[in-house]
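Following: one structure in C-alpha cells, then a few remarks.
The values are calculated or read from the model by the stated rules, or taken from the named source; none is laboratory data. Because the structure is a prediction, the values reported are computed rather than measured. Cβ placement follows ideal geometry from the backbone for every residue including glycine, while neighbour counts extend to all protein chains displayed. Heavy atoms of the whole protein, side chains included, go into the accessibility calculation; ligands, DNA and RNA do not. Shrake-Rupley method; radii C 1.70, N 1.55, O 1.52, S 1.80 Å.
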Amino acid sequence: MTPYPGAKLFQNNKQYKILKASITENIEKKKSGLFIYERKIILNNNLGESLEILELQEEGKKNMKSSDY
C-alpha cells in the first residue's frame, strides 16, 4: 500500500498505476477511452477532455515511461 493518493486503471486484465500525467488537447474527438496515438498513451473522457499518461507502472513491474510501453 502507498500512503499517497493515486490513480489506477485496468486494461487487458492488468492493473496499472498512473504515476505521471498531464492534460493535453483533445485527440481523436469522437473516441473515448484509452488508446495509443503517436507513441503516446491517451485517455479521453466523453466530455471531450484528454489526459496524456507520461509514466505508469504495471502491477508487479518497474516504473516505465509511456513512450517505452
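The residues on offer are LEU19, LEU9, and the sole one that is closer than 17 Å to ASP68 by Cα and not β-branched (Val, Ile, Thr) is LEU19.
Looking across region 1-54 at every residue that is of a type in the set (A, V, I, L, M, F, W, C) and open to solvent by 100 Å² or more (accessible area, probe 1.4 Å), the one that is modelled with the lowest pLDDT is identified as MET1. Within region 55-69, being farther than 21 Å from PRO5 by Cα, surrounded by 10 or more Cβ atoms within 10 Å (Cβ to Cβ) and not small (Gly, Ala, Ser) holds for one residue alone: TYR69.
Do we have ASN63 as in contact with a Phe, Trp or Tyr (Cβ under 9 Å, 6 or more places away or on another chain) and at pLDDT 85 or above here? Talk me through it step by step, then tell me what you get.
Values: in contact with a Phe, Trp or Tyr (Cβ under 9 Å, 6 or more places away or on another chain): no; at pLDDT 85 or above: yes.
So ASN63 does not fit the description; no.
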